[in-house]
Every structure is written in C-alpha cells, then in structure tokens.
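No value in this document is a laboratory result; all are computed from the given coordinates. If you're wondering where the values come from, they're calculated on a predicted model, not measured in any experiment. Cβ placement follows ideal geometry from the backbone for every residue including glycine, while neighbour counts extend to all protein chains displayed.
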Amino acid sequence: MYMPTPNGGDFMPPPAGTHLAICYRVIDLGTQLSEYQGETKTAHKIMIGWELCEERMEDNRPFSISQRYTFSSHEKSRLRQDLESWRGTRFHDSDFAGPPNGFHVRKVLGVPCLLNVVHNTRGGKTYANIAAISKPVKGMAVPALVNEKVYLSLDPAEFSEETWDKLSSGLRAIIEKSPEYQQLRRPKAEGHVDAPSPRRDDSDDGDSVPF
C-alpha cells in the first residue's frame, strides 16, 4: 500500500483581523525547555486560549486561538503586558503579593476581550498569531461562551484529574515533560497530607476592571 497523502495542511487558521473573543481555558504547562538562536533555556509556561465569538468553522464551532506565555509578573513580560492591556489598567506590584490576596490567573476565564489576529507564513503554511489584546468597547454585546471553561494547574492543591483527562494527547505529552508534572506523579511519602489550598476570592469587586 502507498502511504496516504498528508492532510495536516488542511487546517484552517482563525481569520486575520480584530475579533471579539472570550477566554475559555488556562493551562499550566510547567517548566519547558526551548531553544532560540542557538541558546537553550527553561521557563515556566502557561497557555491561555480564547474562542472567537463571531467566527465559525465549517462545523459551526467557533474558531479558537491560544498563546503560550512565560509565567512571569515582571513588568516587561508579555503576560503582564497583555493582561494589563486586556483589563485596561496597569497592575501594581502589590497585586502579585501571593495568596490569599494576590492575582490568580484563573480570574481571566470567561472574560471577553478584543484580539488582533495576524497571519504569518512559514514553510508554505499560514499560522495565526495574536498581535494585540485589549478590553472590549464599553456596551459591546458579548454572546455566551460556547466552549467549556478549562483550568489546569500543576499545583498539587489545585490539580484536577478530571480536567487532565479532557486534554488532548498532544497537550498532555507536552505537560508530561515538565518537572512539575513528574513531581506531581511521584508517590507520596506515607503519612503525607497536602496543605489546603488558600481561599480564592473570584467575586466581582464592582468596578469596571474585568479581573
């Protein structure tokens, strides 16, 4: 038998332009190895995913797009800059004081935004990338979220087996390489009890900042 023709090139990227979107997943990828310009680095990564509210694929599901970030609150990190642009106001360093009152990244789930999507071509293939993110215009109608909200943390106090089982095999393979995941799966010492997770307050504070 002849090998079949590859069909990976049939993937349709989300359309370019500015789109109303809603965050539907936040995935902790753990510490990942990456190579850039011949230099190898390790960094803790997370992935944030959005569905595009008004753009549909052929099966009528909304297009989705995701962005991987270094999990850093440094003022020059892309994650912090995108979050500030998204919420429409800058953070203060005191916002990252840690539990129980620090900023929890889970707060972005279900929050709408405007995404500027651009197309880039590499190796004959077109890829969609996020060029900018911003707060929606006041009064803009936001439809209900279609995709299920997904949050995965590799913190033992937050890790969910149910959520883990719902991830794609490819995404699980990436996470399984991280030392955080490997530590999570090591047998616990006899008598060990996990410390309770700190109480998190995700309630609306009543102002115009979405998170």
Report summary line: Among residues of segment 148-165 being loosely packed, with under 13 Cβ neighbours inside 10 Å and touching a residue at least 12 places away in the same chain (Cβ under 8 Å), the residue nearest to ARG61 (Cα to Cα) is GLU148
Query raised in the report: What are the pairs, 6+ residues apart or on separate chains, where a residue within segment 117-137 that is within 12 Å of SER85 (Cα to Cα) has its Cβ under 6 Å from a residue that is of a type in the set (D, E, K, R)?
Result: ILE133/ASP82
Query raised in the report: Under the condition of being surrounded by fewer than 17 Cβ atoms within 10 Å (Cβ to Cβ) and among the β-branched types (Val, Ile, Thr), which residue from segment 77-120 is nearest to GLU55 (Cα to Cα)?
Result: VAL118
Report summary line: Filter segment 37-76 for residues that are of a type in the set (S, T, N, Q) and assigned to a strand (DSSP E or B); the one that is surrounded by the fewest Cβ atoms within 10 Å (Cβ to Cβ) is THR40
Requested in this report: Go through segment 58-100 and count every residue that is in contact with a Pro (Cβ under 9 Å, 6 or more places away or on another chain) and either among the β-branched types (Val, Ile, Thr) or without any contact (Cβ under 8 Å) to a residue 40 or more places away in the chain (or both).
Outcome: 2
